[in-house]
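Enquirer: The structure under discussion is supplied below as structure tokens; questions concerning it will follow.
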Amino acid sequence: MPTVVITGVSRGLGRAMSVEFAKAGCKVIGCSQSVSELADLHNELGESHRFDVVDVASDTAVAEWSREILSQCAAPDFLINNAAVINANGSLWEIPAEQFDRLTAVNINGTANTIRHFVPAMVDNRSGVIVNFSSGWGKSVSAHVAPYCASKWAIEGLTRALAEELPTGMAAVPLNPGVINTKMLQSCFGSGADLYPSAVEWAKHAVPFILQITAADNGRSLTVPM
Ligand SMILES: NC(=O)c1ccc[n+]([C@@H]2O[C@H](COP(=O)([O-])OP(=O)(O)OC[C@H]3O[C@@H](n4cnc5c(N)ncnc54)[C@H](OP(=O)(O)O)[C@@H]3O)[C@@H](O)[C@H]2O)c1
């Protein structure tokens with residue numbers, strides 16, 4: 001039973017992946033900040049899975065979470081950094097400092113925080129795959145989402161550098177999920193988001209794709225095929 005640690009499971013891609021990983025026989029350990037959505041997911045998936053309220057931007061909260069998880073379970077087979085936020089559409093000079101700082105704290109620091117606290121146990125086993133959610137905007141750009149683009153370019157660089165540090169037998173990959181109709185897409189595309197597949201439909205392709213990532217993929221920038 002592979003253990004999957006995944007951030008940002010209260011809605012969107014993270015929730016849909018949790019359901020599919022559980023169906024595939026994985027033990028799912030997830031987090032996000034929304035108490036009632038986590039309780040709903042726990043009810044749906046059952047007692048063998050675990051969901052906690054954790055703000056990934058807080059190194060202290062992630063450290064505490066990982067201590068508790070690693071004292072009760074084996075090191076994760078998959079660490080999936082999915083949690084992220086997007087800025088409200090606007091030119092870079094219009095984005096308030098607090099919004100910019102929060103976005104980088106969640107999207108970049110949040111990813112580094114889980115790596116800091118879960119990856120040492122994976123390295124001890126010399127096994128496991130780290131999947132950091134990137135975007136098409138991790139390699140290209142659009143107007144009005146500059147902070148988000150910057151964070152996803154950072155994820156591409158951070159992950160490829162991490163890949164060079166891991167021992168043989170492990171992998172770290174940046175993963176572009178494609179374009180999927182979630183709350184995040186609705187924020188930047190408005191009603192245009194309706195043209196894209198749902199997270200539930202996407203996860204049926206994405207989860208088998210993630211489960212077949214191996215050490216041979218270390219450092220490769222991947223895209224979920226749809
Ligand atoms: N949808 C797309 O088309 C698309 C395209 C390219 C890349 N992506 C990437 O795919 C991933 C998932 O996106 P999505 O579309 O599913 O977004 P979403 O619907 O907005 O969901 C984001 C998830 O992240 C959680 N989250 C946000 N801040 C958090 C924090 N500080 N700590 C813990 N959890 C936090 C949210 O839960 P709470 O609010 O409860 O914390 C939510 O569960 C992101 O990395 C995104 O950049 C999405």
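Enquirer: If you scan the stretch 1-26, which residues turn out to be surrounded by 19 or more Cβ atoms within 10 Å (Cβ to Cβ) and over 16 Å from the mean Cα position of the chain (by Cα)?
Expert: 22, 26 - these are the residues of the stretch 1-26 that are surrounded by 19 or more Cβ atoms within 10 Å (Cβ to Cβ) and over 16 Å from the mean Cα position of the chain (by Cα).
Enquirer: Residue 5 is checked against (1) more than 8 Å from the ligand (Cβ to nearest atom); (2) in contact (Cβ under 8 Å) with a residue 24 or more places away in the chain; (3) in a loop (DSSP other than H, G, I, E, B) and fails just one. What number does that condition carry?
Expert: With respect to (1) more than 8 Å from the ligand (Cβ to nearest atom); (2) in contact (Cβ under 8 Å) with a residue 24 or more places away in the chain; (3) in a loop (DSSP other than H, G, I, E, B), residue 5 is out only on (3).
Enquirer: Does residue 104 count as within 13 Å of the ligand (Cβ to nearest atom), of a type in the set (Ser, Thr, Tyr) and in contact with a strand residue (DSSP E or B) (Cβ under 6 Å, 6 or more places away or on another chain)? Explain how you work it out, then say what you get.
Expert: Values: within 13 Å of the ligand (Cβ to nearest atom): yes; of a type in the set (Ser, Thr, Tyr): yes; in contact with a strand residue (DSSP E or B) (Cβ under 6 Å, 6 or more places away or on another chain): no.
Taking the combined requirement at face value, the residue does not satisfy it.
Enquirer: Which pairs do you get when a residue that is at pLDDT 95 or above, found in the stretch 174-200, comes within reach of a residue that is part of a helix (DSSP H, G or I) and more than 9 Å from the ligand (Cβ to nearest atom), reach meaning Cβ atoms under 6 angstrom, with the pair 6+ apart or on two chains?
Expert: As it stands, the answer is 174/156; 174/159, since those pairs meet every condition given.
Enquirer: I'm trying to understand the selection: among the residues of the stretch 205-219, which are surrounded by 15 or more Cβ atoms within 10 Å (Cβ to Cβ) and in a loop (DSSP other than H, G, I, E, B)? Working first, answer last.
Expert: Keep residues of the stretch 205-219 that are surrounded by 15 or more Cβ atoms within 10 Å (Cβ to Cβ), which gives 205-207, 209-211, 213, 215, 217-219.
213, 218, 219, listed by residue number.
Enquirer: Enumerate the helices (runs of 4 or more DSSP H) found wholly within the stretch 15-116, keeping only those where 1 or more residues are more than 24 Å from residue 158 (Cα to Cα) and touching a residue at least 40 places away in the same chain (Cβ under 8 Å). Break it down stepwise before answering.
Expert: Working: elements: 35-45, 59-72, 97-104.
In the stretch 15-116, the matching helices (runs of 4 or more DSSP H) lie at 59-72.
Enquirer: Residue 115 passes all but one of (1) within 23 Å of residue 96 (Cβ to Cβ); (2) under 13 Å from the mean Cα position of the chain (by Cα); which number fails?
Expert: That leaves (1) as the condition not met.
The values are calculated or read from the model by the stated rules, or taken from the named source; none is laboratory data. What you see is a predicted model; the values in this text were computed from it and never measured. Every residue, glycine as well, gets a Cβ built from its backbone with ideal geometry; the counts of neighbours run over all protein chains shown.
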